[in-house]
Each structure stands twice: as C-alpha cells, then as structure tokens.
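Report on one structure; see the data block that follows.
The values are calculated or read from the model by the stated rules, or taken from the named source; none is laboratory data. Please read these numbers as outputs of a predicted model, since none were measured by experiment. All Cβ positions, even for glycine, are placed from backbone atoms using ideal geometry, and neighbour counts span all protein chains on display.
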Amino acid sequence: MRYEVTEDLITGNALIDSEHRQLFDAINNLLDACAQGKGRDKIHETVTFLNSYVIKHFGDEERLQVSAKYPAYESHHTFHEGYKRNLAQVTATLEKDGPSIQALGALNQAAGVLVSHIRTEDKKLARFLKEGK
Ligand SMILES: [Fe+2]
C-alpha cells in the first residue's frame with residue numbers, strides 16, 4: 001500500500017501539509033526499496049532520509065507551536081520525541097534484519113501511528129494556528 005495525504009488528513013496549514021506529503025513519500029520510498037529487494041545501500045539511504053525528515057518536520061511544527069504559544073505544546077512535543085525514538089528503533093531493526101515481515105509490520109505500524117496523529121493532533125494544531133483556538 002502507499003501512504004498519501006488524503007482529504008481527511010489535510011490540516012489546511014500549507015507548510016505542515018507539504019511536509020506531510022514529503023514524509024509519506026519518504027515512507028513509500030523506503031517501503032518500495034524493501035519490496036523491490038533494492039539491497040542494503042538503498043534501504044540505508046531511504047531510512048536515513050526518513051529519520052532526518054521526521055526530525056526536520058517535527059522541529060518545524062514545534063517552532064510554529066512555540067511562536068503561537070500553543071497550549072498543547074508539551075504533550076505534542078512529548079509525542080514527537082517518543083515517535084522519533086520509536087522510528088529510529090524500527091528502522092535500525094529493519095537495517096539489521098533486512099525487510100523481514102516483522103520489521104515491515106513495525107514500519108507500517110509506525111506509519112499508522114503517524115496517520116492518526118495527523119488526523120487528530122496536527123489538525124488541532126493547524127486550526128489553532130489559523131483561528132487562535
Ligand atoms: Fe505533529
């Protein structure tokens with residue numbers, strides 16, 4: 001399956017939405033590399049990009065939150081920190097063991113967590129940035 005920013009995942013904040021698209025592209029590229037048996041170099045390259053893009057994106061979201069004095073910043077930040085740690089672990093396992101069923105399952109699970117975070121928390125954030133509530 002491919003991950004995409006469907007209608008229900010659009011937050012309405014142009015920066016956040018464009019970064020979510022890039023993030024999903026990065027996940028899809030990694031999944032493609034695994035599915036096509038691209039080998040360790042390509043998997044390493046896509047894993048590295050995905051982890052660094054997640055860090056960039058969360059950092060951008062948090063900067064927006066801080067400058068808007070977003071009241072739910074702490075919990076959103078805590079989620080981001082945990083997510084980065086989990087993704088790093090999941091992708092390290094994937095690099096170590098190769099694209100096993102388990103490693104791919106964990107990656108898809110991480111992608112699913114991101115999807116529901118976008119659908120709830122990031123939409124809330126975008127609404128606050130736009131309307132101040
Ligand atoms: Fe977020």
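Using beta carbons and a limit of 8 Å, which pairs, at least six apart or on different chains, have the first residue in the range 116-130 and within 11 Å of the ligand (Cβ to nearest atom) and the second one part of a helix (DSSP H, G or I) and of a type in the set (Phe, Trp, Tyr)?
Cβ pairs passing all conditions: His117/Phe79; His117/Tyr83; Glu121/Phe79.
How many residues are more than 16 Å from the ligand (Cβ to nearest atom) and not hydrophobic (A, V, I, L, M, F, W, C) when one looks only at the range 9-38?
7
Check the range 97-108 and report whether any residue there is surrounded by 13 or more Cβ atoms within 10 Å (Cβ to Cβ), in contact (Cβ under 8 Å) with a residue 12 or more places away in the chain and within 16 Å of the ligand (Cβ to nearest atom).
no
Here is a list of conditions, (1) at positive phi; (2) crowded, with 17+ Cβ neighbours inside 10 Å, and Tyr3 meets all of them except one; can you say which number that is?
Condition (1) is where Tyr3 drops out.
Name, by its number, the condition in (1) within 14 Å of the chain's Cα centre (by Cα); (2) more than 21 Å from Val5 (Cβ to Cβ); (3) more than 16 Å from the ligand (Cβ to nearest atom) that does not hold for Arg85.
(3)
Do we find a residue being among the charged types (D, E, K, R), more than 29 Å from Gly12 (Cβ to Cβ) and either surrounded by fewer than 13 Cβ atoms within 10 Å (Cβ to Cβ) or in contact with a Phe, Trp or Tyr (Cβ under 8 Å, 6 or more places away or on another chain) (or both) anywhere in the range 56-75? Steps first, answer last, please.
Filtering the range 56-75 down to residues among the charged types (D, E, K, R) leaves 56, 60-63, 69, 74.
Filter once more, so that each one left must be more than 29 Å from Gly12 (Cβ to Cβ): none.
Looking for residues that are among the charged types (D, E, K, R), more than 29 Å from Gly12 (Cβ to Cβ) and either surrounded by fewer than 13 Cβ atoms within 10 Å (Cβ to Cβ) or in contact with a Phe, Trp or Tyr (Cβ under 8 Å, 6 or more places away or on another chain) (or both), one finds none in the range 56-75, hence no.
Being surrounded by 14 or more Cβ atoms within 10 Å (Cβ to Cβ) and either modelled with pLDDT of 95 or more or away from the ligand (no atom under 11 Å from the Cβ) (or both): is that true of Ala111 here?
yes
Going through the range 21-49 one residue at a time, which ones are of a type in the set (D, E, K, R) and in contact (Cβ under 8 Å) with a residue 24 or more places away in the chain?
Step one: list which residues in the range 21-49 are of a type in the set (D, E, K, R), which gives 21, 25, 32, 38, 40-42, 45.
If the condition is that a residue be of a type in the set (D, E, K, R) and in contact (Cβ under 8 Å) with a residue 24 or more places away in the chain, then Arg40 is the only one that fits.
Looking for whichever is more than 19 Å from Tyr3 (Cα to Cα) and either among the β-branched types (Val, Ile, Thr) or without any contact (Cβ under 8 Å) to a residue 40 or more places away in the chain (or both) here; the options are Ser67, Ser52, Ser18. Which one fits? Let's see the steps before the verdict.
Values: Ser52 fails: more than 19 Å from Tyr3 (Cα to Cα); Ser18 fails: more than 19 Å from Tyr3 (Cα to Cα).
Being more than 19 Å from Tyr3 (Cα to Cα) and either among the β-branched types (Val, Ile, Thr) or without any contact (Cβ under 8 Å) to a residue 40 or more places away in the chain (or both) holds for just one of Ser67, Ser52, Ser18, which is Ser67.
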